[in-house]
1. Show me the ranking of peptides 131-140, 211-220 by mean Cβ neighbours inside 10 Å, starting with the highest.
2. By count of other Cβ within 10 Å, fewest leading, how are V172, V194 ordered?
3. Give me the three principal axis extents of segment 117-205 from the C-alpha atoms, as integers in angstrom, largest value leading.
4. Cα-based Rg of segment 163-210 per 2.2 N^0.38 Å, rounded to two decimals?
5. With N set to the number of residues, divide the alpha-carbon radius of gyration of the chain by 2.2 N^0.38 Å and report two decimals.
6. With both partners inside the chain, how many of the DSSP beta bridges are antiparallel, as a percent to the nearest 5?
7. Could you work out the local net charge near E192, counting Lys and Arg as +1, Asp and Glu as -1, over the other residues with Cβ closer than 15 Å to its Cβ?
8. Would you please put 111-119, 233-241 in order of how densely packed they are, using the mean number of other Cβ atoms within 10 angstrom per residue and starting with the highest?
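Read the figures in this text as sums done on the coordinates, not as results from a lab. Everything numeric in this text was worked out from a predicted model, so none of it was measured. Note that each Cβ is placed from the backbone with ideal geometry, even for glycine, and that neighbours are counted across all protein chains shown.
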Amino acid sequence: QSGVTDHYAVNDKHALLLAREVIAGLNRVKQYDLMLPLVDFPCLLVALGFAHLWGLPIGILGNNGVLFADSAVKGAHFIELCCQRRIPLLFLQNITGFMVGREAEAGGIAKHGAKLVTAVSCAQVPKFTVIIGGSYGAGNYGMAGRAFSPRFLFLWPNARISVMGGEQAANVLAQVQSEQKLRTENRELTEEEVQRIRVPVMEKYEREGHPYYSTARLWDDGIISPVDTRTVLGLGLSASYNAPQPFPSTRFGVFRM
């Protein structure tokens, strides 16, 4: 009677049949494996694993989003394993940073995150980094950003690099100034005043976080097309294997338990 029903089921069995027909017709977005076009024989466990690129062994660390304490420990152990076997490392960055919050702090995100950063900074095997999405905050260091001198660091055209996202930074600054106004003048900022704070900050982050801004200042080794990634990495990996062999041994610092 309401006119908003698409299907009418006479019983439970009929309802399940209708549900199957609806699900079968969903317009699903086809998922794809980022690793398959890059390497010869991927053998991956979640986001870590060994593979061969142009016939040469390589260890791959890929992430998609925030890093938790368990993820950091897992990454640190994998880097140690690659260093012991003298296997180069490839980092695929799409990171929003390390997890924050009371629960994360109680779970040891600070000390476990430090293990990953220590492992990356101490690793003496060749490191290669491709920023395939976002690269924000301390996560940039945990995934072998420019500060830790990878042999090559490349960006995809959709990459973004900054301390935090532009919208998050704008919201933080607006909140800080709103609280200051509340303390000094006993009033909150109007919506117009908030926008005058937020818009310039977001524009600045968008401009300076753009890959063209980074590559124009030689903060990376170039912007590459996703379809050329395998070839570019293969050339870089081949060059690293033409360096004096074997790769120097790695001595890690003290990992907090």
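1. Working: 131-140: 21.9, 211-220: 14.6.
The densest-packed peptide leads the list: 131-140, 211-220.
2. On the way: V172 12, V194 18.
By the 10 Å Cβ count, ascending: V172, V194.
3. Its Cα atoms span 58, 28, 12 Å along the three principal axes.
4. Scaled against compact globular proteins, the figure is 1.21.
5. On the way: Rg = 23.6 Å, N = 257, 2.2 N^0.38 = 18.1 Å.
Here the Cα radius of gyration is 1.30 times the empirical estimate.
6. Details: 9 of 30 bridges.
Antiparallel bridges make up about 30 percent of those DSSP assigns within the chain.
7. Details: positive: K181, R187, R196, R198; negative: E188, E191, E193.
Around E192, the charge tally is +1.
8. On the way: 111-119: 22.2, 233-241: 16.8.
Answer by packing, highest mean first, reads 111-119, 233-241.
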